[in-house]
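One structure below.
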Amino acid sequence: MDAMAVERSASRSRPARDTAPRHRDTGLKQERAVRTRGQVLDAAAKAFATKGFPAVTVQDVAELAGVTKGAVYFHFANKEALAQAVAEEFYHLLGVIGQEVEEAELPPLRAVSELLQRTAVAFRDDTMVQAGARLQIERSLIGAEMPMPYLGYTESLTTWLRQARTEGHLPTGTSPEATARVLVSAFFGAQHISWVLDDRADIADRVQEILAAVVPLATA
């Protein structure tokens, strides 16, 4: 084989050897970016839950996440974008809870009870949920479009309550739609009161009180 042929052969083989490391590097960078975004989002949730939106700075979030302000701004344009992302994650988590209850295929009133009880535990234990709830209270202070609250949650309760009425498990004349609205209002009001008075330690008991008062058969 002459020298030119050897050179052409070598040049053809180089991309295959060089490309694999670049692909691996790209994958690692993407993984790091995803990981960093998660760290920043978790840190923002902790900051918002603890201090509230007005008092939090991007520097606070960066320090909690253990990254630079530049890393925060790489993923989120400003503090408002952080608040939007935390609120979206909050409603995503509520949706996950609802999906898990639905997949359990419980009787409808038992599903109502289970949804409220599991949500209560999340409010007590999950910082992202606590942050999302606080941000919804402060939504008028954020200056950015926030997710519309409570609609999906109310819809899930309404669906189960309609099934319960069809099966004869609700008193005659009971409105599933009105009952769902009452439950949502009572639950989200109770979690706020529990937060203010007892750091949500008693929220599970408060949920049982709501169910016993509004849908007694759900606790039977």
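The values are calculated or read from the model by the stated rules, or taken from the named source; none is laboratory data. All values reported here derive from a predicted model rather than from experimental measurement. In this analysis, Cβ positions are derived from the backbone assuming ideal geometry, glycine residues included, and neighbour counts consider all displayed protein chains. For the accessible areas, the whole protein counts, side chains as well, though only heavy atoms, and no ligand, DNA or RNA atoms are used. Shrake-Rupley method; radii C 1.70, N 1.55, O 1.52, S 1.80 Å.
Okay, here's what the table says:
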| quantity | calculated |
| --- | --- |
| Accessible area (Å², per residue) of the chain, counting only protein heavy atoms and a probe of 1.4 Å | 56 |
| Residue-by-residue Karplus 3J(HN,Hα) for the range 89-102, coefficients 6.51, -1.76, 1.60, Hz, glycine and proline x | 5, 4, 6, 4, 5, 4, x, 5, 4, x, 5, 4, 5, 4 |
| Surface accessible to a 1.4 Å probe, Asp125 within the full protein complex, Å² | 100 |
| Ellipticity estimate at 222 nm from DSSP helix runs (n ≥ 4, -39,500 (n - 2.57)) divided over the chain, nearest 500 | -26000 deg cm²/dmol |
| Centre separation in Å (Cα based) which lies between the range 136-186 and the range 116-132 | 17 |
| Where GluC sites (Glu not before Pro) in DSSP loops with at most 16 other Cβ within 10 Å are excluded, longest remaining stretch of the chain | 1-104 |
| Cα Rg over Rh - the chain, Kirkwood | 1.23 |
| Accessible-area ranking of Tyr91, Tyr153, Tyr73, largest first, probe 1.4 Å | Tyr73, Tyr91, Tyr153 |
| Karplus (6.51, -1.76, 1.60) ³J(HN,Hα), θ = phi - 60°, over the range 28-35, in Hz, Gly and Pro reported as x | 5, 5, 5, 4, 5, 5, 5, 5 |
| Area accessible to solvent at His169, 1.4 Å probe radius, in Å² | 80 |
| Selection from Gly173, Phe74, Ala49 lying farthest towards where the dipole of the chain points positive, charges on Cβ | Phe74 |
| Accessible surface of the range 28-157 [probe 1.4 Å, protein heavy atoms]: carbon and sulfur percent | 51 |
